[in-house]
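Only one structure is covered here, and it is reproduced in the block below.
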Amino acid sequence: MTNILELKNFSKSYPGFSIKDVSFTLPKGYICGFVGQNGAGKTTILKSILGFTRPDSGTIELACCAEEIGVVMEAPMYVDEWTVAEVEMNLSPFYPAWDCVAFARYLEQFALDRKKKIKALSRGMKMKIQLAVALSHGAKLLILDEPTSGLDPLARDEVCDLLREFVLDESRSVLFSSHITSDLEKTADYINFLIDGTIVYAGTKDALLEKYVRVAGGLGALSAEQKRCIIGYREHGTGFEGMCERAHLRILPQTLLAEAIALDDIFICMNKGAKLHE
Amino acid sequence: MQIILSHRSGEPLYEQIKTQIRDAIFSGDLAEDELLPSVRGLARDLKISVITTTRAYSDLEAEGLVVSVQGKGCYVLPRNKELARENALSKVEAGLSAAIDAAKAGGITAAEILETLTLLLKEEVL
Amino acid sequence: MNKLRAFIRLDFSTVKPYLNIKTLLILGVFTIFVSVLNGTVSMFLGTGFMLGMIFGANPFAIGEKCSLDALYITLGISKRTVVLGRYLFVLLFDIASILFAFVLSAFGVFGAKALGILQDSGGTSVAATILIPVVLLLMQMFQLSRLFKTSYSKAKFVFVLPILMVTASMSFIRILANNTATAARLSSALPESFAGKVLFGAVIAAMLALAALCSYRRSIAIYKKRDF
């Protein structure tokens with residue numbers, strides 16, 4: 001299984017914020033989701049992979065060149081006075097594998113008017129024009145920064161479908177950042193979890209969902225030592241809840257409720273837990 | 001072949017896929033030498049990760065129920081009578097364990113369980 | 001070479017939406033006004049360069065607003081090609097602006113004479129005709145390297161001021177150069193013979209080429225270090 005992307009000990013500092021020692025790989029044929037709060041460092045890492053900015057230390061290895069990467073950022077990198085048709089006209093000379101039939105098909109699917117100017121497009125449409133371009137030049141790797149934020153559930157589902165279709169071809173891969181955990185749960189094969197510039201989990205989504213369980217019980221059910229196993233411990237009037245590693249269940253009382261946990265709750269508990277250690 | 005997943009049952013998705021394919025093989029819904037959907041196609045249809053479908057298929061291959069051919073996909077292997085028996089036995093075991101747990105919770109004795117079992121067996125022709 | 005040509009075309013497509021009739025009309029009127037004010041067509045070099053400076057900065061302004069520098073990277077355009085392409089684009093735009101200014105200046109001055117607004121032919125000395133474009137070209141080379149260094153909004157101030165100064169001093173230089181005493185002194189500095197004049201022209205051209213090269217190399221060094 002060859003990797004299309006490999007990051008080793010990537011670090012970058014800004015005043016007041018730093019990304020430390022981030023390492024992960026993206027094998028060909030898979031979708032990797034980057035989860036993290038706003039400001040956790042997702043966009044910075046994506047920008048470094050794309051070559052917009054350089055790491056302070058560490059390496060980024062890409063098994064494809066710039067023309068094989070399709071990009072969707074939060075704002076399109078097109079002149080806002082251009083029309084949709086002009087975007088194709090001006091960018092296609094740079095892509096040897098430009099497919100105008102495919103582009104026309106996507107314009108139709110996304111209901112994009114060729115004559116409309118970029119600045120007149122809604123946020124969702126701005127993302128869609130970028131996606132149409134990204135899918136029309138024979139890209140092997142799609143990199144998307146929060147592609148579904150601001151979209152309604154139907155549009156989000158459409159994007160997730162397109163991403164899954166994209167990797168039906170095993171030589172292609174997708175890397176996208178999001179904090180909409182339901183999209184990640186639906187689409188991602190691998191998940192990189194970023195909290196405050198550090199990776200707290202990098203592996204398959206299935207393994208992440210199996211690693212943790214949601215636990216809940218009555219007040220005073222746990223000893224101090226047992227409480228330490230609970231991540232994102234939350235106490236309220238009639239009990240407590242939180243998350244712990246499945247492996248730690250044997251230390252905890254059998255009377256507790258332990259059940260499968262959703263990605264959303266893992267996200268919340270991890271971030272809460274991280275805040276406690278600040 | 002149909003695969004219907006529940007996202008709320010708490011049972012891991014790959015287990016559900018395995019169970020349903022296994023049952024389909026043993027019930028004859030899936031014939032010998034039939035080609036299963038590709039791992040990617042199945043993942044796309046069910047809207048789940050391709051890693052999940054791959055895991056289900058490789059587990060089934062380890063159990064000896066299917067075989068994956070490079071470049072072609074996963075084929076159903078001839079129905080192994082022994083495996084079918086084993087599958088049924090494990091289901092019996094699971095049902096009986098559940099009965100014993102219920103008995104413990106309700107204070108039913110072992111003798112009562114055996115009595116109920118004998119009665120039920122008399123009604124069914126095995 | 002392919003990418004370089006494609007990039008220059010891209011730069012043109014970048015500014016094209018802003019070259020509408022309204023803008024051209026305003027610039028045209030301005031050019032005619034300057035020429036008629038100075039009573040001579042030969043101001044076209046000055047006005048042409050000024051238009052070139054203003055529009056040459058446009059790709060930088062739009063680039064900053066629309067993150068085009070990041071776009072160039074995704075299109076696989078090397079930073080060297082971006083800088084070289086931008087310089088060539090600006091040069092081409094200068095030439096186009098000068099032609100534009102020449103046509104309009106001639107139109108303006110002859111039209112004004114025909115209408116009787118302008119009486120006197122009021123030529124300009126050679127010195128002024130040489131001095132103005134040389135100064136403006138040097139300014140443009142400086143402006144370009146500044147624009148590659150900082151963002152447009154910061155660099156804007158750096159060149160708006162000189163442009164205003166140059167506009168004011170253009171007329172001043174011309175009047176001064178036409179002043180017979182100084183004109184005589186300046187003209188006497190110019191070589192007499194044709195060969196001498198050609199040599200003088202070559203020296204000036206070499207000086208400008210050197211300035212352009214320095215500016216270009218500085219821009220490349222600066223641009224390569226930048227993050228987007």
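Among DSSP beta bridges lying fully in chain A, give the percent that are antiparallel, nearest 5.
65
How would A:Glu86, C:Glu64, B:Glu82 line up by accessible area, probe 1.4 Å, largest first? Working shown, then result.
On the way: A:Glu86 45, C:Glu64 80, B:Glu82 130 Å².
Descending accessible area places them as B:Glu82, C:Glu64, A:Glu86.
State, in square angstrom and to the nearest 100, the accessible area buried between chains B and A, both chains counted, probe radius 1.4 Å.
Working: alone 8980 and 13450 Å², together 21150 Å².
That pair hides around 1300 Å² of surface in total.
If you roll a 1.4 angstrom probe over the protein chains with everything in place, what fraction of the accessible area of the protein assembly as shown belongs to carbon and sulfur, to the nearest %?
Carbon with sulfur: 61 percent of the solvent-accessible area.
May I ask which of A:Lys117/C:Lys224; B:Lys18/B:Lys104; A:Lys126/C:Lys225; A:Lys126/C:Lys65 have a Cα-Cα span longer than 21 Å here? Could the numbers behind the result be given before it?
Numbers: A:Lys117/C:Lys224 32 Å; B:Lys18/B:Lys104 31 Å; A:Lys126/C:Lys225 30 Å; A:Lys126/C:Lys65 16 Å.
Long pairs (Cα-Cα over 21 Å): A:Lys117/C:Lys224; B:Lys18/B:Lys104; A:Lys126/C:Lys225.
Alpha carbon centre of the range C:79-113 versus the range A:158-233: separation in Å?
So the separation of the two Cα centres works out to 58 Å.
Which positions within the range C:71-85 get 50 Å² or more of their accessible surface covered by the other protein chains, compared to the chain by itself, with a 1.4 angstrom probe?
Residues meeting the cut-off: C:Leu71, C:Ile73, C:Thr74, C:Leu75.
Compactness ratio of chain A: Cα Rg over 2.2 N^0.38 Å, N = residue count?
So the Cα radius of gyration is 1.13 times the expected 2.2 N^0.38 Å.
Over chain B, what is the relative contact order in percent, taking alpha-carbon pairs closer than 8 angstrom and at least six residues apart?
20
If you bin the C-alpha pair distances of the range A:94-230 every 10 Å from 0, what whole percents do you get?
Calculated over all Cα pairs of the range A:94-230, the distribution is 9, 32, 29, 15, 8, 5, 1 percent.
If you take the C-alpha gyration tensor of the protein assembly as shown, multiply each eigenvalue by 5 and take the square root, what semi-axes do you get, largest first, in whole Å?
Values: eigenvalues 1079, 135, 78 Å².
Listed largest to smallest, the semi-axes of the protein assembly as shown are 73, 26, 20 Å.
How big is the C-A contact in terms of buried accessible area, both chains counted, 1.4 Å probe, rounded to the nearest 100 Å²?
Summing both sides, the interface buries roughly 2000 Å².
Of A:Trp82, A:Trp98, which has the most accessible area with a 1.4 Å probe, and how do the rest follow in descending order?
The ordering from most to least exposed comes out as A:Trp98, A:Trp82.
Can I get the semi-axes of chain B's equivalent ellipsoid? Compute them from the C-alpha gyration tensor as square roots of 5 times the eigenvalues, in angstrom, largest first.
So the three semi-axes of chain B are 35, 18, 11 Å.
Counting only C-alpha contacts under 8 Å and six or more residues apart, can you give the relative contact order of the range B:13-76 as a whole percent? The partial results should precede the final answer.
On the way: 66 pairs, mean separation 25.7, N = 64.
For the range B:13-76, the relative contact order is 40 percent.
Angle check, please: helix B:13-27 long axis (alpha carbons) against the longest principal axis of chain B (alpha carbons), in degrees 0 to 90, nearest 10.
80
Please compute the average number of Cβ atoms from other chains found within 10 Å of each residue's Cβ in peptide A:90-97.
Counting other chains' Cβ atoms within 10 Å and averaging over A:90-97 gives 5.
For the Cα atoms of chain A, what angle does the longest principal axis make with the long axis of helix A:263-276, in degrees from 0 to 90, nearest 10?
Approximately 60 degrees, to the nearest 10.
Filter A:Lys116/C:Lys16; A:Lys140/B:Lys72; A:Lys8/A:Lys47; A:Lys128/A:Lys205 down to the pairs with a C-alpha to C-alpha distance above 21 Å, please.
Checking Cα-Cα distances, A:Lys140/B:Lys72; A:Lys128/A:Lys205 exceed 21 Å.
Highest GNM mean-square fluctuation, chain A, Cα pairs closer than 10 Å: which of A:Thr238, A:Thr255, A:Thr25?
A:Thr238
Using only DSSP helix segments of four residues or longer, with each worth -39500 (n - 2.57), what per-residue ellipticity at 222 nm results for the protein assembly as shown after dividing by its residue count and rounding to 500?
Working: 24 runs with 350 residues, N = 632.
Calculated from helices alone, the mean residue ellipticity at 222 nm is -18000 deg cm²/dmol.
Given labels modelled 7 Å from the Cα in the Cβ direction, how far is it in nm from B:Lys72 to C:Ala221?
6.6
Where in the range B:16-49 does accessible area fall by at least 30 Å² between the isolated chain and the complete protein assembly, at a 1.4 Å probe radius?
B:Arg40, B:Arg44, B:Lys47, B:Ser49
Taking C:Lys79 as the anchor, which aspartates and glutamates have their alpha carbon closer than 16 Å to its alpha carbon, excluding any fewer than eight residues away along the same chain?
Once the sequence-local aspartates and glutamates are set aside, what remains near C:Lys79 is A:Glu67, C:Asp11, C:Glu64, C:Asp69, C:Asp227.
Label point 7 Å out from C:Lys113 along Cα-to-Cβ: which residues of the range C:21-45 have amide N under 13 Å?
C:36, C:39-42, by backbone N distance to the label point.
Calculate, for C:Arg9 and C:Ala209, the FRET efficiency according to 1/(1 + (r/R0)^6) with r their C-beta to C-beta distance and R0 35 Å; round to the nearest 0.05.
According to the calculation, E is roughly 0.90.
At a cut-off of 30 Å², which residues of the range C:1-36 become less accessible once all protein chains are present than in their chain alone, using a 1.4 Å probe?
C:Lys3, C:Ala6, C:Leu10, C:Ser13, C:Pro17, C:Tyr18
Scan the range B:32-100 for trypsin sites (Lys or Arg not before Pro) in coil per DSSP, keeping those whose Cβ has at most 12 other Cβ atoms within 10 Å, and list them by number.
Sites meeting the loop and neighbour criteria: B:Lys72.
Return a whole-number percent for the relative contact order of chain A, with Cα pairs under 8 Å and 6 or more residues apart as the contact set.
22
Determine the per residue accessible area of the protein assembly as shown with all protein chains present and a 1.4 angstrom probe, expressed in square angstrom.
Spelled out: the 1.4 Å probe surface of the protein assembly as shown, per residue, equals 50 Å².
Alpha carbon centre of the range B:61-107 versus the range A:18-41: separation in Å?
Here the two parts' Cα centres lie 38 Å apart.
Using modelled backbone amide H atoms (1.01 Å from N, in-plane), which distant-in-sequence or interchain residues come within less than 5 Å of A:Tyr212's amide H?
Under 5 Å from the amide H of A:Tyr212 lie the amide H atoms of A:Arg246, each far enough along the sequence or on another chain.
How big is the equivalent ellipsoid of the range C:12-111 along its three axes, where each semi-axis is √(5λ) from the Cα gyration tensor, reported in whole Å from largest to smallest? Before the final figure, lay out each step's value.
Details: eigenvalues 199, 35, 15 Å².
Equivalent-ellipsoid dimensions as semi-axes: 32, 13, 9 Å.
The values are calculated or read from the model by the stated rules, or taken from the named source; none is laboratory data. No experiment lies behind these values; they were computed from the predicted model shown. Every residue, glycine as well, gets a Cβ built from its backbone with ideal geometry; the counts of neighbours run over all protein chains shown. Ligands, DNA and RNA are stripped out before the accessible areas are found, and what is left, the full protein with its side chains, is counted by its heavy atoms. Shrake-Rupley method; radii C 1.70, N 1.55, O 1.52, S 1.80 Å.
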